[in-house]
Amino acid sequence: MSTATASAPLLTHLACAHCGDDCPPEQPIRLAARPELAFCCPGCKAVYELLDARNLCTYYRLDEQPGQKVKTVELPGRFDYLALESVQSQLLTFQSPTLNRLTFNIPQMHCASCIWLLENLFKLNPGITASRVNFLRKELTVSYQPAATSLQEVVTLLASIGYEPRITLAELGTQPHHANRRLYYQLGLAAFAFGNVMLMAFPDYFSFTEQLQSLFGRFFGALSFLLALPVLLISARDFYFSAWQGLKQRYINLDFPISLGLTALFTTSVFDIATGRGPGYFDSFTGLVFFMLIGKWVQQRTYDALRFDRDFTSYFPVAVTVLSKDGGEESVPVKELRAGQRIRVRHQEIVPADAVLLRGTGQVDYSFVSGESLPVRKQVGEVVYAGGRQVGEAVELEVVREVSQGYLTQLWNNPAFQKEGKPTLETYANKVGRYFVAVTLLLAVGAVLYWYPRDPQLALRACTSVLVIACPCALSLATPFALGATLRVLGRHKLYLKNAAVVETLGRATTLVFDKTGTLTDAHRAVVSFHGLALSAEDEQRVAALARQSTHPLSQRLVEKLGASALPVTNFRETMGQGLCGTVAGREVRLGSAAYVDLPSATHGERQARVYVALDGLVEGWYEVSSEYRPGLGNLLQELGQSYQLALLTGDNAADEPRLRQLFGPEAELRFHQSPLDKLHFVERQQAQGRRVVMVGDGLNDAGALQRSDAGVALSETLTNFSPACDAILDASSFGQLSTVLKFSQDCLQIVLATFVLSFCYNGIGLGLAVQGKFTPIVSAILMPISSLSVMVFATLLVRYAAYRRQL
């Protein structure tokens, strides 16, 4: 009895290793690997395991009860509405029997631990297949298997671990982002305090006010303290919070020296006023916070502008075929697509918006969305989600939801299409920034050790000035602002890049590989003529109906010559680089190369591209499509050949080799009869030799080569084949500027290096003067944001000058 009584308190007061609450006395939950740790619930145990696997358990040594309790959600039925089909149709951006996907707004997200935990939700719920964080926008994209879990369970899990999403169905997808509102409040408070503290500190700057200072000095000091305290607790909060988060992750970030400088100023000021030694430095303290917040505000405004410029509707010239009421077709940009409009989606085209299938048989490839390679069969009346690629005959759809641009942006940035990570200028800048912080701290400590025996107040001033004026942020801002300004210039000239890193890749390219059909040739200038047995009007309509199913440039030229045909096509199949076939109005029709229509005796000396026609297995003749090259192609290739190694990869025959050799020059490599796999292997061999390859194609037969190359550029005509595998989209009207664009990319790399030099010069001079005590803290506070702004302005002006010099 006594033994049990004595041991009871030990059981009832066993604290959870995560949240600190009491564990169940009868059977606490323990880790198999570390039985000394106990947990109050499986959720806390799972969160601890997640952090432990990431070596983030230092977090638990920073406070007695650091973890947030994994609690049972109050009012368990309050998420029941998420089980309604009508609600899910508004929330889900993709829905299928095997995969659902949606994006949440998570306002509680604040640090690296949050990011890692939210991206490992699959360890808490096996039904969740993936979760990715957009930290700047506080968004979490979750993919889950509806057979294994439900939307209600996913939201309940997020709420239980402290990340309840903000769900507002009425304004879903249209809410403005208000993350910066707090910055305005902080800036206003700092401005108010700074103005008033400076007013009370004004007598200290004049010798004839010594009597006034002796009478009211302590009173003014007390008022200054009351004004500075809210600045410390509210306006400067983000600097301390950022530094603290970095320390918890064993990382000294850019806000750490700033926080030290603020702390030194504030504590010294309090000590001086409390002991009557002087008025303190509250004017410098409030001014420092005020000017740094101004710099932060300007930086944030610039970043917001860059993000706006990166909006989908500005960066993608994707168009879709809209059907009019009279049966005509019109190419319309996706951003102008509206609910209720009817669209035609051809073989290998991306569905640009959620739509209902009206005509045809849908075979939708969702591999870009879900990773599943098998096409999903869709019947008339079923919903086809944005991001799927139609495989087979062309289908007609009615748009039901037009807000799909953001989803296509996610599709383009899908991790499946990311290049292998390579060191970039931005990576180097961040690494240098870390060492710079360490050097700054050493200089600050050295200044104190040197000056304190001689002049304690000068030691404080020198130390604080070093901590404040050192500006590694100017170094870190050099790359994103220079490359961001580059994105704007290129966007205005219809070259749309996936991200700023592509600029660096283009600037360091050594080899340019071109496709021919649809890339070097101008589809709108082609001349089509038929040779062979005369086709009847019905057979011409059959050919037109089959060609209408494809987006290949040669197929589109046949449709333009023969006119639109409404004949139904069944058993459609397209072999990339060879041809297409199908059954049209009871007859089998094959269009393609000579070998594709079983014509081995075809001559190889023809001078133009040929599309052979076979009806029911009999070759009737061929359409000859003249190869009209783009205007100015010769001058462009000649200019590129002076700086790059050129290559041509085409599936066409070698009939036009003499003309192409004249255009490309004697050193270029020309390869004909190339399959998509051949193109991919050629790019791999070039990279194995240490070359940086840029592939320029139309995105049809080049998807593999575009993905494998260091930078893949898809050329876009009016009808765009949206290819997530590419890194950039170049409008066909700007093809003649390719050489200028590449030179401009090289200029931008030099500009980034120039901004690095400017930042180093500023910091070298500023730190040299600060160590000597030449600057007061408030002067340092003014110079610090000015340095950041100067780097931003310097980078932007240089990019604009480079664009002007290149006539962009």
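Each of PRO480, ALA501, ALA534 was scored by the projection of its Cα onto the charge dipole of the range 477-546, and the greatest displacement toward the positive side belongs to PRO480; charges sit on the C-beta of Lys, Arg, Asp and Glu. Extension gain, VAL757-ARG377: 0.36 nm per intervening residue step, less the Cα-Cα distance, totals 131.0 nm.
Cross-link pairs exceeding 25 Å between alpha carbons, from the set LYS516/LYS743; LYS335/LYS494; LYS494/LYS743; LYS123/LYS498; LYS138/LYS248: LYS123/LYS498. Its Cα gyration tensor gives the range 527-625 an equivalent ellipsoid; the semi-axes, largest first and in whole Å, are 19, 14, 13. A full extension of the chain between ARG691 and LEU14 corresponds to an added length of 237.5 nm, given 0.36 nm per residue minus the alpha carbon distance. Oblate is the label for the range 84-171, because a/c, from the alpha-carbon gyration tensor with a ≥ b ≥ c as root eigenvalues, is 1.5 or above and a/b does not exceed b/c.
Could you order peptides 503-516, 353-366 by the average number of other Cβ atoms within 10 Å of their residues, highest first? Please report the intermediate quantities before stating the final value.
Numbers: 503-516: 22.6, 353-366: 20.8.
Descending mean neighbour count gives 503-516, 353-366.
Counting neighbouring Cβ atoms within 10 Å and putting the fewest first, the residues ASP283, ASP598, ASP731 line up as ASP598, ASP731, ASP283.
Computed from backbone phi, the HN-Hα couplings of the range 688-695 come to 5, 8, x, 9, 9, 9, 10, 9 Hz, rounded to whole numbers (Karplus: 6.51 cos²θ - 1.76 cosθ + 1.60, θ = phi - 60°; Gly and Pro given as x).
Highest average first, the peptides 459-468, 156-165, 615-624 ordered by how many other beta carbon atoms sit within 10 Å of their residues are 459-468, 156-165, 615-624.
Backbone amide hydrogens, once placed in the peptide plane, bring ARG401 within less than 5 Å of ASP354, excluding anything fewer than 5 places away on its chain. FRET efficiency for the TYR804 to LYS494 pair, using the beta carbon distance and R₀ = 22 Å, is estimated at 0.75. Phi angles across the range 446-458 convert, under the Karplus curve 6.51 cos²θ - 1.76 cosθ + 1.60 with θ = phi - 60°, into 3J(HN,Hα) values of x, 4, 5, 5, 7, 8, 4, x, 8, 7, x, 5, 5 Hz, Gly and Pro given as x. Computing FRET efficiency as 1/(1 + (r/R0)^6) for LEU599 and SER536, where r is the C-beta to C-beta distance and R0 is 30 Å, gives about 0.90. Rounded to 0.05, the FRET efficiency of the LEU247 and LYS335 pair, given R0 = 35 Å and the Cβ-Cβ distance, is 0.20. Between the range 511-581 and the range 634-656, the alpha-carbon centres lie 25 Å apart. Once you list every other residue whose beta carbon is under 10 Å from the beta carbon of ARG182, what net charge do they have if Lys and Arg are +1 and Asp and Glu are -1? Local net charge: +1.
FYI, it's all coordinate maths here, none of it is from the lab. Just so it is clear, the model here is predicted, and its values are computed rather than measured. Don't worry about glycine lacking a Cβ; one is built from the backbone with ideal geometry, like all the others, and counts go over all protein chains shown.
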